[in-house]
């Protein structure tokens, strides 16, 4: 029954042919993808059109593409297009002026990338620079940035050794400057940097990511997060082939700075009236990181020393790695 307000009937607040998010409901025939003949995929043709297709209709086509991927599977024969052609069409969605379309394009890429072969083609077509652009975009576009970070994690899962430096730079930039700008994605970016440091420590170390992790250690007064960040560094110290990436005279000194530097300021812009409170917070964070380090086997030794203990009988003593 229609609801009447001041004599004017309101039958529905939802527009015809649209859902609650404004996306147009574009019909999709999934039976075509299961036939023996390859589908011509008008979905991507509409996504790639510069004119004649509204942004909300493109959003509907991108979501239909994901449904098609889940239903048909990853097969160039069934698509009728090569992966390069599909990626080129999806790349155009990341250049759209509507953040909803860009977010849907990132989501479609995440579903498309399933192995190293497809990831290599994505990087060869320089889509990583557009992904980095989505991470660096203004903070109000949380939906787009969330989809970008989820895509980044998928890339690490598929093959972390192929992870591009362009996206690494964006993650580190948010990790360094995000706290001052009150960026809500700071912790998510730091978590991804830690995950990448365990899988591909070389690229993180070369881009200064380890220093970013330790800088956020002093920024965090939550014990669980503080310990998790510190454990990432300790894990690298615990292995001979990754120990070389941690510079004891640069990175590790950061956690001791609040105790060893009388004039230490974590942020040079801190007002004089807030300096005492800020210093107490840094003392607390530094204490947590030092305790977490001393509780671990690798934290008790300098980076250039061996982390394997040998007793009097020349028997290796088992020590569990920091979790």
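The values are calculated or read from the model by the stated rules, or taken from the named source; none is laboratory data. If you're wondering where the values come from, they're calculated on a predicted model, not measured in any experiment. Neighbour counts are summed over all protein chains in view; Cβ atoms, including those assigned to glycine, are modelled from backbone coordinates with ideal geometry.
Among (1) over 25 Å from residue 126 (Cβ atoms); (2) buried (at least 23 other Cβ atoms within 10 Å of the Cβ), there is one condition residue 171 misses while meeting the rest; what is its number?
All conditions are met except number (1).
I need the helices (runs of 4 or more DSSP H) fully contained in segment 69-187, keeping only those with at least 2 residues that are in contact with a helix residue (DSSP H, G or I) (Cβ under 6 Å, 6 or more places away or on another chain). If you could, list the steps in order and put the result at the bottom.
Values: elements: 76-79, 83-93, 99-112, 116-124, 127-136, 142-159, 165-181.
Helices (runs of 4 or more DSSP H) meeting the threshold: 83-93, 99-112, 116-124, 127-136, 142-159, 165-181.
Kindly evaluate residue 115 against the criterion of being more than 24 Å from residue 53 (Cβ to Cβ), modelled with pLDDT under 95 and within 20 Å of the chain's Cα centre (by Cα).
Working: more than 24 Å from residue 53 (Cβ to Cβ): yes; modelled with pLDDT under 95: yes; within 20 Å of the chain's Cα centre (by Cα): yes.
Taking the combined requirement at face value, the residue satisfies it.
Output the residue which, of all residues in segment 180-193 that are surrounded by 22 or more Cβ atoms within 10 Å (Cβ to Cβ) and free of Cβ contacts under 8 Å to residues at least 40 places away in the same chain, is farthest from residue 227 (Cα to Cα).
It comes out as 193.
Could you please find all residues in segment 36-68 being assigned to a loop (DSSP other than H, G, I, E, B) and at pLDDT 60 or above?
Step one: list which residues in segment 36-68 are assigned to a loop (DSSP other than H, G, I, E, B), which gives 36-41, 49-54.
Residues satisfying the conditions are 49, 50, 51, 52, 53, 54.
Is it the case that some residue within segment 244-256 is buried (at least 23 other Cβ atoms within 10 Å of the Cβ), touching a helix residue (DSSP H, G or I) at 6+ places or on another chain (Cβ under 7 Å) and assigned to a helix (DSSP H, G or I)?
yes
Are there any pairs with C-beta distances below 7 angstrom linking a residue in segment 66-80 that is more than 12 Å from residue 43 (Cβ to Cβ) to a residue that is loosely packed, with under 14 Cβ neighbours inside 10 Å, with the two at least 6 apart or on different chains, and if so which?
From residues that are more than 12 Å from residue 43 (Cβ to Cβ), the pairs are 71/30; 76/82.
Does segment 27-35 contain at least one residue that is at pLDDT 50 or above and surrounded by 18 or more Cβ atoms within 10 Å (Cβ to Cβ)? Steps first, answer last, please.
Initially, segment 27-35 is screened for residues at pLDDT 50 or above, giving 27-32.
Still in the list and also surrounded by 18 or more Cβ atoms within 10 Å (Cβ to Cβ): none.
Taking every residue of segment 27-35 in turn, none turns out to be at pLDDT 50 or above and surrounded by 18 or more Cβ atoms within 10 Å (Cβ to Cβ).
Can you tell me how many residues within segment 221-237 are touching a residue at least 60 places away in the same chain (Cβ under 8 Å), surrounded by fewer than 21 Cβ atoms within 10 Å (Cβ to Cβ) and farther than 16 Å from residue 204 by Cβ?
2
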